[in-house]
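Data first, discussion second: the structure below is written as C-alpha cells.
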Amino acid sequence: MKKALMYLIFFIIIIFILPILFTQRKNIKINKDIECAVNSENTGLETNTNIESNVDVQYEYNKFSTIKLYHKKSEEIEELPIDEYLYGVVSSEMPADFQMEALKAQAIVARTYTIYQIINNNKKHNNADICDDYSCCQAWISKEERLQRWNQDIAEENWNKIVNAVNSTKGKIIVYDGKPIDAFFHSNSGGSTEDVLNVWGNNSMPYLKSVETSGEDAYTQYSSEVEIDKDELLKKLNIKNNEQIDWNEFIKILEYTNSGRVKTIKIGDSTYSGTEIRSKLGLKSTNFKVEILDDSIKFIVIGYGHGVGMSQTGADSMAKNNSNFEEIIKHFYTGVEIIEVNNL
Ligand SMILES: [Zn+2]
C-alpha cells in the first residue's frame with residue numbers, strides 16, 4: 001500500500017511538477033533576453049552582442065556549431081560559433097538597408113555555403129574551413145570594423161538588423177536531394193540569372209538554372225559602362241596589329257547564352273568566352289553590348305556579378321513585393337528545400 005502511494009507521488013511529480021519547472025526556466029530565459037535587448041539599446045556598443053537575443057530562436061547545433069575561419073591578412077585561424085561568423089558575412093555581403101526577408105535569405109544562403117565548405121573541405125586553407133576573402137570563399141568583417149565603417153547614426157541599428165536576420169533563421173540551410181547546395185549568389189542579375197553551365201561548365205548542379213527576376217533595374221548595380229582606348233584594348237588582349245583595323249568586323253559577338261549574356265565574342269583572330277572577356281576587361285557582367293567609337297570601344301553592361309544563384313538585388317526586390325525568405329530562396333534555386341541542419 002505504502003509502495004503504491006510512493007508510486008502515486010512519484011507519478012504526480014513527473015506529470016505535473018517537472019513541466020512547471022521547465023516552463024518557468026523557459027520564461028526566465030525569455031525575460032532575460034528582453035532585458036538584454038533593452039539594456040543594450042541604452043548602453044551602446046559594448047553590450048550589444050546581447051541584442052541577438054531579442055529574436056527568441058533557441059537552436060542547439062548538434063554539429064557544425066563552430067567554424068574555423070582563416071584570416072587572409074593576419075594568416076591566423078579563428079574559431080567562431082557559426083552564427084556569430086555569419087553576422088560578419090551577411091553584414092559585408094549585403095547592404096543592411098535591404099529588406100529583412102532578403103537579409104534572412106542571405107543569412108541562409110551564407111550558412112548553406114559555409115556548411116557546404118565544411119562538408120566538402122578540399123583542404124584549400126589547411127586546417128581552416130573557410131577564409132575571409134570574398135574572391136575565394138565569402139567576405140567577412142569583424143563587428144568592430146563593421147560598426148566603424150557604417151554611419152554612426154545607424155551603425156547599431158544596422159548591426160542589430162543583421163544579427164536578427166541570422167538569429168531568426170538559426171539552423172536553416174538549403175538542400176537539393178537532401179544535400180547542402182553550393183549556394184552561389186551575386187549582386188544583380190540584370191533581369192535573368194545565369195545557368196551554371198555557362199559560367200563554370202558544370203552540369204552537376206541542377207539547382208543553378210537561369211530564372212527571371214523583376215525590379216532589378218531600380219538598383220545602381222544594374223547598369224555600368226567601361227570605355228577602353230582601342231590601343232589599350234589591343235594591349236590588354238595581347239593582340240599585335242600593324243594594319244588598319246575595320247573595327248566593325250574586328251570585334252563581333254558570336255553567340256549569346258539563354259539568359260542573354262555573351263557566350264562567345266570574336267576579337268581579331270581570337271574567340272573568347274564572355275567570362276574571359278569580363279575578367280580581362282573588368283566588366284561587371286557578361287551581359288554587355290559593344291559600341292565602336294572614334295578612338296575607343298565602349299562596353300555597355302547590364303547586371304553585376306557572375307549571375308549564378310541568388311541575385312541580391314533581385315531578393316530585395318522580391319521582398320519589397322512581399323515575398324518571404326523561403327519564396328526568395330526557392331525562386332533562385334530550382335527544386336530546393338529548406339531544412340534544419342541537424343536533420344542532415
Ligand atoms: Zn577561401
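The values are calculated or read from the model by the stated rules, or taken from the named source; none is laboratory data. As the structure is a prediction and not an experimental result, all values here were calculated from the model. Please note: Cβ atoms are built from the backbone with ideal geometry, for glycine as well, and neighbour counts cover all protein chains shown.
A few comments on the model shown:
- Of all residues in segment 69-76, none are touching a strand residue (DSSP E or B) at 6+ places or on another chain (Cβ under 7 Å), more than 16 Å from the ligand (Cβ to nearest atom) and modelled with pLDDT of 95 or more.
- Test: residue in segment 319-328 that is among the basic types (K, R), within 21 Å of G190 (Cβ to Cβ), in a helix (DSSP H, G or I) and in contact (Cβ under 8 Å) with a residue 24 or more places away in the chain: yes
- Condition met for N164 (under 30 Å from Y207 (Cβ atoms), in contact (Cβ under 8 Å) with a residue 24 or more places away in the chain, away from the ligand (no atom under 16 Å from the Cβ) and of a type outside the set (K, R)): yes
- Within segment 306-343, restricting attention to residues that are more than 13 Å from the chain's Cα centre (by Cα) and on the phi > 0 side of the Ramachandran plot, the residue that is surrounded by the most Cβ atoms within 10 Å (Cβ to Cβ) is G335.
- Residues that are assigned by TED's automatic domain parsing to the domain that holds E101, touching a His at 6+ places or on another chain (Cβ under 9 Å) and under 22 Å from E216 (Cβ atoms) are absent from segment 325-342.
- Residue in segment 142-151 that is touching a helix residue (DSSP H, G or I) at 6+ places or on another chain (Cβ under 6 Å), within 16 Å of the ligand (Cβ to nearest atom) and not in a helix (DSSP H, G or I) present: no
- Of the helices (runs of 4 or more DSSP H) lying entirely inside segment 188-277, the ones with 2 or more residues being farther than 30 Å from F98 by Cβ and at pLDDT below 95 are found at 230-236, 247-250.
- The residues listed here are D182, D133; of these, the one that is of a type in the set (D, E), under 14 Å from the mean Cα position of the chain (by Cα), buried (at least 18 other Cβ atoms within 10 Å of the Cβ) and not in a helix (DSSP H, G or I) is D182.
- Among the residues of segment 120-132, none qualifies, meaning not one is more than 9 Å from the ligand (Cβ to nearest atom), under 23 Å from K330 (Cα atoms) and at pLDDT 90 or above.
- Pairs are defined by a Cβ separation below 8 Å, a sequence spacing of at least 6 or placement on different chains, a first member in segment 61-78 that is of a type in the set (K, R), and a second member that is in a loop (DSSP other than H, G, I, E, B); the pairs so defined are K68/N127; K68/A128; K68/D129; K72/D132; K72/D133; K72/C136.
- The one condition in (1) surrounded by fewer than 19 Cβ atoms within 10 Å (Cβ to Cβ); (2) within 13 Å of the chain's Cα centre (by Cα) that A105 fails to fulfil: (1)
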